1. Being among the small types (G, A, S), surrounded by fewer than 10 Cβ atoms within 10 Å (Cβ to Cβ), more than 10 Å from chain A (Cβ to nearest Cβ) and touching a residue at least 12 places away in the same chain (Cβ under 8 Å), is that true of even one residue in the range B:60-75?
2. I'd like to verify a number: residues in the range A:80-129 that are touching a residue at least 12 places away in the same chain (Cβ under 8 Å) and under 21 Å from A:I70 (Cα atoms), how many?
3. Taking B:S100, is it within 14 Å of the chain's Cα centre (by Cα) and under 15 Å from B:M79 (Cα atoms)?
4. Pick from A:V74, A:V69: which is within 20 Å of A:V117 (Cα to Cα), in contact with a strand residue (DSSP E or B) (Cβ under 6 Å, 6 or more places away or on another chain) and either within 14 Å of chain B (Cβ to nearest Cβ) or assigned to a strand (DSSP E or B) (or both)?
5. State all residues of the range B:110-136 that are in contact (Cβ under 8 Å) with a residue 12 or more places away in the chain and on the phi > 0 side of the Ramachandran plot; if no residue qualifies, say none.
6. Given the conditions (1) buried (at least 20 other Cβ atoms within 10 Å of the Cβ); (2) within 13 Å of another protein chain (Cβ to nearest Cβ); (3) assigned to a strand (DSSP E or B); (4) of a type outside the set (S, T, Y), and given that A:N55 satisfies all but one, which numbered condition is not satisfied?
7. Please verify whether the range A:30-51 includes one or more residues that are free of Cβ contacts under 8 Å to residues at least 40 places away in the same chain, surrounded by fewer than 16 Cβ atoms within 10 Å (Cβ to Cβ) and closer than 30 Å to B:V121 by Cα.
8. For the range B:4-42, give me the residue count where each residue is away from every other protein chain (no Cβ under 11 Å) and not charged (D, E, K, R).
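Laboratory data are not the source of any read-out in this text; all were calculated from the coordinates shown. Quick caveat, the model's predicted, so the values are computed rather than measured. Methodologically, a virtual Cβ is constructed for each residue, glycine included, from the backbone with ideal geometry; neighbour enumeration extends over all protein chains shown.
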Amino acid sequence: MAAVNLNTVRSVIEGRLATELAIAPVIPVVFHNQPFTPTPRSLWVQCLVSFGGNNYLTLGGTTGSSNSVIGVIVINIFTAKGVGPGANYTIGKRIRDLYNRQIISGVHFDPPTGPEVLGSPSPEGYFQTQVRMTFETFEDL
Amino acid sequence: MAFYRGQQGSVKFEDTGGATALITSTRSWSMTVEKESLDTTALGATYRANVGGLISGSGTVEVLYTASSSDETNSFIEMVNTATDEGAAAFELLLTTGKSITFDGVITSAEYSATVGEIEVITVSFVTNGAITLGI
């Protein structure tokens, strides 16, 4: 029973993706606040984990009570431009399957949205899709 | 002037005659104490007259399901299914520390539910048996 460790939750989410994308064919993955210079026309993935709303779950004060901690994961998938979406959606399916309705180490993942095509890729020069999902974990004080 | 927020409340319960124990994962509670009114209007009177009658209470407690199996929370959510109930279970509903409503009572219903995407909630309803002590 303790306040939630945000880095533990983050490591559950990011570690799962890093492990999956380390399986051949290996796909580089970059997380929040990391330097990364992509190779032109290469495949790569960006994973952004953010914590959002927190809510009361139960009665009680700073001990013997529980809160809900909610967050969102945004995963950008970049593939070569001008060769169709197939390679991108293949990665998108792998990522979607990785989190879809899973419960990992107390982190509950909701059904993902996407992969959704973004009309204005950032950075430019790629075909970009985005997979987004919310997650919830519980804090026992 | 002090004000209080809902999370300062709690629920305690005991079904076997000992000291009440905290019901963990309680999300909310509510209770209504009612007094019957007895009409004592005299024949020919212009205005109706009433006196107080019997006092009783009823309410609900919402508990989040945690799969606990050997504590008062488990007893609380299963007690509706007991074969004989003499109304001796002790309830203590706290508004904040040291300010509570205490009484013996009978659990009259428990609504178990599971809704996709939501935390599982059990709503337990009760009625009082005998005296109600308002220590608030």
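1. Quick first cut of the range B:60-75, residues among the small types (G, A, S) only: B:67-70, B:75.
Checking which are surrounded by fewer than 10 Cβ atoms within 10 Å (Cβ to Cβ) leaves us with B:67, B:69-70.
Now restrict to residues that are more than 10 Å from chain A (Cβ to nearest Cβ): B:67, B:69-70.
Pick out the ones that are also touching a residue at least 12 places away in the same chain (Cβ under 8 Å) and you get none.
No - not one qualifying residue is present in the range B:60-75.
2. Looking only at that region, the number is 16.
3. Working: within 14 Å of the chain's Cα centre (by Cα): yes; under 15 Å from B:M79 (Cα atoms): no.
Answer is no for this residue.
4. Details: A:V69 fails: within 20 Å of A:V117 (Cα to Cα).
Answer to the selection: A:V74.
5. B:G130, the sole residue that qualifies.
6. Result: A:N55 passes all but (1).
7. Checked against the condition, which is being free of Cβ contacts under 8 Å to residues at least 40 places away in the same chain, surrounded by fewer than 16 Cβ atoms within 10 Å (Cβ to Cβ) and closer than 30 Å to B:V121 by Cα, the range A:30-51 yields at least one hit.
8. Here is the first cut: in the range B:4-42, the residues away from every other protein chain (no Cβ under 11 Å) are B:4, B:12-21, B:30-42.
With the extra rule that they be not charged (D, E, K, R), the set shrinks to B:4, B:13, B:16-21, B:30-33, B:37-38, B:40-42.
Counting residues in the range B:4-42 that are away from every other protein chain (no Cβ under 11 Å) and not charged (D, E, K, R) gives 17.
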